[in-house]
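Trainee: What follows is a single structure, and I will ask about it in a moment.
The values are calculated or read from the model by the stated rules, or taken from the named source; none is laboratory data. Because the structure is a prediction, the values reported are computed rather than measured. Backbone-built Cβ (ideal geometry, glycine too); neighbour counts: all protein chains shown.
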Amino acid sequence: MQSSLMSFALKLTLDKEEAQDLVQDTTLKALDNEAKFVDGTNLGGWMTTIMRNIFINNYRKRSRESTYVDVSEDLYHLNLSQDSGVETPEGAYASGEISRILRSFPADYRNPFALRVAGYRYDEIADKLNMPLGTVKSRIFVTRQKLRELLKDYR
């Protein structure tokens, strides 16, 4: 099983050392959760699913850790992904328009929304901003709805 896991890990990571770490993490997680394995099911599929989930969780964690979240009053460094379309004049104009609209929102709505766009989970945002989880979800929803309404002409 280790050789097939290593092959799958290499496809995911494209790096031998990271793949070895991923196989080791997968094996440890599977051993810790062996009571959850149902006899008669596909062990390889179960292990592959564990590996894929570990890889995705690690990727998301690295993405969040390397993302700068701008919560300044003027949103000077608004987070945009690399493929955001800002390279085109139309994309730059749309990005500027979105930034202008977001700056007009109260910070209580703008900050949770900016953190969500940066990839944080709702519970992480609630902890970071010291707000109840329901309030965070509500404010992000309201901000999304307002943005959608104000930017409907850009579709």
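Trainee: Any residue in region 25-44 that's of a type in the set (Val, Ile, Thr) and at pLDDT 90 or above: show its pairings with residues that are surrounded by 10 or more Cβ atoms within 10 Å (Cβ to Cβ) and in a helix (DSSP H, G or I) at Cβ separation under 7 Å, as long as the two are six or more apart or on different chains.
Mentor: If the second residue must be surrounded by 10 or more Cβ atoms within 10 Å (Cβ to Cβ) and in a helix (DSSP H, G or I), the pairs left are Thr26/Leu5; Thr26/Met47; Thr26/Ile50; Thr26/Met51; Thr26/Ile54.
Trainee: Go through the residues of region 57-72 one by one and say whether even a single one is at pLDDT 85 or above, part of a helix (DSSP H, G or I), under 26 Å from Leu12 (Cβ atoms) and of a type in the set (Gly, Ala, Ser).
Mentor: There is no residue in region 57-72 that is at pLDDT 85 or above, part of a helix (DSSP H, G or I), under 26 Å from Leu12 (Cβ atoms) and of a type in the set (Gly, Ala, Ser).
Trainee: Here's something else I'd like to know. Of the residues Gly91, Gly134, Gly85, which single one is under 20 Å from the mean Cα position of the chain (by Cα), modelled with pLDDT under 65 and of a type in the set (Gly, Ala, Ser)?
Mentor: Only one candidate passes the filter, namely Gly85.
Trainee: When the residues of region 110-123 are filtered to those that are of a type outside the set (Gly, Ala, Ser), touching a residue at least 12 places away in the same chain (Cβ under 8 Å) and part of a helix (DSSP H, G or I), which remaining residue is surrounded by the fewest Cβ atoms within 10 Å (Cβ to Cβ)?
Mentor: For region 110-123, the residue satisfying everything is Tyr122.
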